């Protein structure tokens, strides 16, 4: 257990794609370094660095399935851990240690069946930290790049996605998004103060993922210009959140939402599904669909919530000299249902991105960015377009969208 250092992040996974190397340039390294510096300064994030089993988590917190809470409390106190309940969410109780504790080691011991003779093993886990997938903690780990404005939507497709609302749990949305992007985002959502992306670290200096949610919304609308979206903050402008934040964002979505886009995720201790996300997503409205990014670690290690069985997991592909190829940064695996191009230009924000040792990047409302975040957003938009065109509910439309042979093993169906 240790605070993250100030070095470039290693991929959070194992099983790297054979023969694929990540692109490397000064911006990528500086972007990772800037993110690492901010993350290392966050006293509410710790890094479990066991090779191949890495994950981020909240210190001094343990999550326990509600029915198991009392048994776990008794066991912990018997072992000399001063711990108190600190509220419930998504079917789990948050236990808080009164002093520093090696939470992963505590979890490993509590998961050991030998500790529970003639009893079921309790469901326990760390409180995992989630990251936005704009190439953070992955490969190539690159920042957004300044881009020219998008042309106006094609009138022939203006109705694609009409009548469908996509929930976007992300960094929120820029306060000026609708006014700054009237053709793409204006009228596409209900502006609310508590949905705003704070964006800036100070003055006009952007956090590493400030504007990520606005970018994602633009990708969704490019795939389905007639769709409405409901933004809910689940990540900070730095690009970090946790399971409680995501559960709250999901709970904040309006009842009209039938497709949920999650361009974020986490690795977990022992690669087990995270309890709160399993619980909250199991309670989604019948006929709705959750779309999640596969992650940017470039490995086959499962990423959550994408790897959950009922979630539509999206990997990324890239344009190569001979056509589409698996993106070097994209995670992949038997749990990936679909893939789409991850390199996108979209609606963004105004501000400066300062990276160590690099010239400042001045953004004026548009950017180019790469990651499974944006492949997932495209698939969410295409799913909305199929839903509106067919009159099917989102779950039925999902079957139509994925009703083709896999494009590539471990990448699922290609969605153009």
Quote the FRET efficiency, to the nearest 0.05, computed for residue 362 versus residue 183 with a Förster distance R0 of 25 Å and r equal to the Cβ-Cβ distance. 0.65
Inter-site label distance for residue 200 and residue 116 at 7 Å from Cα along Cβ, in nm: 5.0 nm
Relative contact order computed over region 278-416 (Cα-Cα under 8 Å; 6+ residues apart), in percent: 26 percent
So how far apart, in nm, are the two label points at residue 270 and residue 392 if each is 7 Å from Cα heading toward Cβ? 3.8 nm
Segment residue 190-residue 145, length gained on full extension (0.36 nm per residue, minus Cα span): 13.4 nm
When only C-alpha pairs under 8 Å and at least 6 residues apart count, what is the relative contact order of the chain, in percent? 19 percent
Chain lengthening between residue 279 and residue 74 when straightened (0.36 nm per residue, less Cα-Cα): 71.4 nm
Among 113, 182, 191: highest mean-square fluctuation, GNM of the chain, C-alpha pairs under 10 Å: 113
Projected-area mean, region 59-130, by convex hull of Cα positions, square nanometres: 4.7 nm²
Angstrom value of the Kirkwood radius, inverse mean 1/r, which spans all Cα pairs in the chain: 21.4 Å
Rough spin-label spacing in nm, given labels placed 7 Å along Cα→Cβ, for residue 352 and residue 100: 3.7 nm
Connecting every pair of Cα atoms under 10 Å apart in the chain and solving the GNM, the largest mean-square fluctuation among 37, 70, 61 falls on 70
So what is the relative contact order for region 59-130, in percent, with contacts set as C-alpha pairs under 8 Å and at least six apart? 41 percent
What do you get for the angle between helix 26-40 and the principal long axis of the chain? Use alpha-carbon atoms, 0 to 90 degrees, nearest ten. 40 degrees
With everything on Cα atoms, drop me the angle between helix 69-78 and the longest principal axis of the chain, reported from 0 to 90° to the nearest 10. 50 degrees
If one computes the Cα centroid of region 295-345 and of region 213-280, what distance in Å separates the two points? 17 Å
Please give the length that would be gained between residue 325 and residue 84 if that part of the chain were fully extended, namely 0.36 nm times their separation in residues minus their C-alpha to C-alpha distance (nm, one decimal). 81.7 nm
Top mean-square fluctuation among 155, 144, 198, Gaussian network model of the chain, C-alpha springs under 10 Å? 155
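Taken together, the values in this text are just the output of simple stated rules run on the coordinates, not laboratory data. Fair warning: this is a prediction, and the values are worked out from it, not measured in the lab. Reconstructed Cβ throughout: ideal geometry from the backbone, glycine too, with neighbour counts over all protein chains shown.
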